[in-house]
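The values are calculated or read from the model by the stated rules, or taken from the named source; none is laboratory data. This structure is a prediction, so every number in the text was calculated from the model and none was measured. Heads up, the Cβs are rebuilt from the backbone with ideal geometry, glycines too, and the neighbour counts pull from every protein chain shown. Side chains included, ligands, DNA and RNA excluded: accessible areas come from the protein's heavy atoms. Shrake-Rupley method; radii C 1.70, N 1.55, O 1.52, S 1.80 Å.
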Amino acid sequence: RFAEVLTHDLRSPLNAAEAQVEILRSEATGGEEWLNRLEGVHDRMADIVDDVRTLVSGDRHVGDPEPIDLNGAVEDTWAATVDCDTDADLVVDGDLGTVAADSKRLCRLLENLFDNAIRHGGEGVTVTVSALSDGDGIAVADDGPGIPADARERVFEYGYTTANAGTGFGLNIVAAAADAHGWDVTVTDAADGGARFEIAGMDPVGPAIEG
């Protein structure tokens with residue numbers, strides 16, 4: 001309840017501050033660099049507010065999952081998440097199957113993994129999504145710099161980040177979404193030396209419901 005009130009009360013002054021920047025930008029004859037920096041600070045604050053709200057509003061358990069085609073969910077989330085101006089590429093390796101899940105929580109899990117890959121691997125990163133060898137989940141791997149072995153236990157903690165623009169909540173949201181479904185998420189090395197996140201325990205179900 002405290003987090004809900006806090007994020008709500010932060011949103012109003014943040015919106016006002018963003019509006020003031022727009023007014024200054026339209027009237028100012030200089031100082032663009034400082035306005036850009038201020039705008040960046042506002043964007044980071046907005047990201048933190050959104051991530052905190054996601055963490056506190058998510059149920060601990062998914063009560064009424066529905067069959068979801070993972071190939072479609074991955075491709076739709078990528079299209080909705082990744083800026084078309086970036087050079088990042090998505091590779092979907094084969095049939096990922098169908099899983100019982102909450103569509104919104106699954107979308108946020110994938111969205112944050114894609115965002116994490118781009119933040120750390122750069123806009124030219126390639127992200128590959130494939131089925132686990134035993135068929136009970138998927139792996140999301142990238143060809144970026146990877147995650148050091150001594151940091152892998154910490155990446156899912158609240159507030160932990162090594163990116164200048166990160167909030168430190170993204171991978172915690174991934175872990176929370178996985179846990180709500182009864183899935184396990186771990187991180188290891190990808191074949192190309194980047195990071196590989198494995199989401200296991202995604203028991204396959206029948207075909208996704210059309211329409």
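Shape summary of segment 65-185, radius of gyration then Dmax from alpha carbon positions: 13.9, 37 Å.
Averaged per residue, segment 68-123 has 48 square angstrom of accessible surface, using a 1.4 angstrom probe with ligands and nucleic acids left out.
Ranked from highest to lowest mean number of other Cβ atoms within 10 Å per residue, what is the order of the peptides 68-81, 109-122, 175-188? Let's see the in-between values first.
Details: 68-81: 17.3, 109-122: 21.7, 175-188: 18.8.
Averaged packing, sorted descending, gives the order 109-122, 175-188, 68-81.
Summarising the amide proton neighbourhood of Thr126: residues at separation of 5 or more, or on other chains, whose placed amide H is nearer than 5 Å comprise Asp89, Asp143.
The accessible surface of segment 54-149, taken with every protein chain in place and a 1.4 Å probe, is 43 percent carbon and sulfur.
Centroid-to-centroid, using Cα positions, segment 10-30 and segment 81-138 are 35 Å apart. For Asp192, neighbours were defined as the other residues whose beta-carbon sits under 10 Å from its Cβ, and their charges (Lys and Arg +1, Asp and Glu -1) total -2.
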